[in-house]
Amino acid sequence: MMSIEVLTGVLLVCILITFALGAPVGLALGGIAMGIGYITWGDGLFNVIPTTLEATHFSFILLAIPLYIYMGQLLTRSGIGDAMFNASQIIIGKVRGSLAISVIVVCSMIGAMVGIIGAGIMTSGSIALKPMLERGYDKRLALGVIMAGGGLGILIPPSIPMIMFASSTQNSVGRMFIGALVPALITIILLIAYVVISCKLNPKKAPLDKMPDVPKTTKEKFLTARDGGLALLLIVAVLGSIIMGIATPTESGAIGVVGAILLAMFFKRLKPRMVRSAGIRAAALVSVAMWIIFGATVFSNFHLLMGVQSMVAGFTQDLGLPPMMVILLFQVIMLLLGFIIDEFIIVLMCAPIFTPIAVSLGFDPIWFGILMILNIEIAVQTPPYGFALFYLKGIAPPGITMLDIYRSVTPFVLIKLLVLIIVMFNPDLVTWLPDKLMN
């Protein structure tokens with residue numbers, strides 16, 4: 001039997017080859033684990049398959065994934081984005097860069113509704129990019145705020161990667177959701193501050209002569225604020241039901257679906273065609289997600305059974321690094337992984353290996369999980385290979401080049417990197433609120 005070091009190297013090479021060939025991620029990971037596992041371990045490997053299938057596809061926690069995805073699809077097809085944009089414009093008013101500020105806030109909410117980065121960016125971009133370019137906004141600013149806001153979806157609850165982390169490490173989803181609130185708020189504040197300062201230093205980025213029309217009469221303002229408030233109320237209801245202990249994260253997903261249907265009725269968009277298109281798209285996203293979860297979990301379980309956790313622990317001990325340097329090493333590894341794979345796989349591959357080591361070093365698992373989410377959010381948006389960049393390119397007008405996108409995301413990625421560093425050296429920013437609310 002080959003050593004765990006050699007086995008890890010073989011698995012990594014096989015992953016890179018299959019990804020380069022464009023193989024489906026879930027099938028590639030599961031197939032690699034089964035093929036190499038059969039060669040090195042024999043028939044005993046096949047005992048991993050039914051236990052993994054039962055742990056993933058019959059998990060009550062993971063039932064939240066299809067519920068949140070379906071909720072997001074209903075909301076994005078019922079005019080919710082327009083309602084939130086209009087309401088935000090009333091609050092902000094005619095300020096230079098106000099539309100960019102609205103995009104950060106609203107796109108982060110839309111990303112949270114969808115729960116995954118790719119769908120969050122594409123949904124946000126399809127709503128916000130064209131209005132910003134039409135009003136004369138600098139294309140780099142427009143692209144950057146959409147990437148920054150849409151990518152925040154995995155940091156603002158409800159978040160699919162957070163559910164996956166909690167499930168794979170046996171931690172509380174509710175504590176994850178609450179622990180992410182302060183880092184998310186810090187990120188949004190810093191992003192808005194950057195927009196305000198950059199627009200003030202360079203007024204050409206956000207012309208005042210092409211500002212969006214803000215409702216003028218009291219009645220128009222009331223109706224616009226009401227529509228946007230109802231949209232925000234649903235998000236508060238979903239998260240509030242978890243914080244107050246009324247519902248589990250899975251049950252809150254069901255609350256979100258019912259609320260989305262009621263909102264669609266209110267906006268007079270609840271039509272069979274809309275429900276059908278939302279259901280088909282949600283089913284496609286859920287199918288992809290569950291295959292990835294299954295394949296990645298088979299891969300992860302096989303690797304864990306072969307002793308990769310002991311190898312990583314021994315490696316970090318041999319280096320003689322202090323605990324915080326070990327955490328920094330994990331951050332670098334996950335950052336590099338984000339160049340070639342998406343958020344689902346990073347969580348499912350790294351969380352079961354890195355989290356027990358972090359806990360053994362005396363760190364809080366919820367804090368480490370939030371660091372992982374922040375890291376992934378940065379990694380998948382970092383040039384030149386962050387896959388989220390290509391989602392943005394897919395919805396951009398023909399005149400937008402990849403170089404434009406690279407330049408647009410750079411300042412926002414640096415801001416998120418600053419947030420990661422702040423949270424890394426101030427764990428109380430994550431742990432204080434869950435401890436306060438959930439004892």
Could you compute the FRET efficiency for L201 and F58, with r as their C-beta to C-beta distance and R0 at 51 Å, rounded to 0.05? 0.40
Which percent of the accessible heavy-atom area of region 225-295 goes to carbon and sulfur, probe 1.4 angstrom? 72 percent
Obtain the nm distance between the two label points defined at L270 and A283 by a simple spin-label model: each point lies 7 Å from its Cα along the Cα-to-C-beta direction. 2.1 nm
Charge tally in the Cβ shell below 13 Å around K139, where Lys, Arg are +1 and Asp, Glu are -1, K139 excluded: +4
Given the peptides 3-11, 33-41, arrange them by the average over their residues of other C-beta atoms within 10 Å, most packed first. 33-41, 3-11
Per-residue accessible area for V257 at 1.4 Å probe radius, Å² rounded to 10? 20 Å²
Sorted peptide list for 419-427, 147-155, criterion being average Cβ within 10 angstrom, highest first: 147-155, 419-427
When each of K221/K268; K221/K393; K393/K416; K139/K219; K200/K416 is checked by Cα-Cα distance, pairs over 29 Å: K221/K393; K139/K219
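The values are calculated or read from the model by the stated rules, or taken from the named source; none is laboratory data. All figures in this text were calculated on a predicted structure; none of them were measured in a lab. Cβ sites come from the backbone with ideal geometry, for glycine too, and all protein chains shown count toward neighbours. Calculation scope for accessible area: heavy atoms of the full protein, side chains included, ligands and nucleic acids excluded. Shrake-Rupley method; radii C 1.70, N 1.55, O 1.52, S 1.80 Å.
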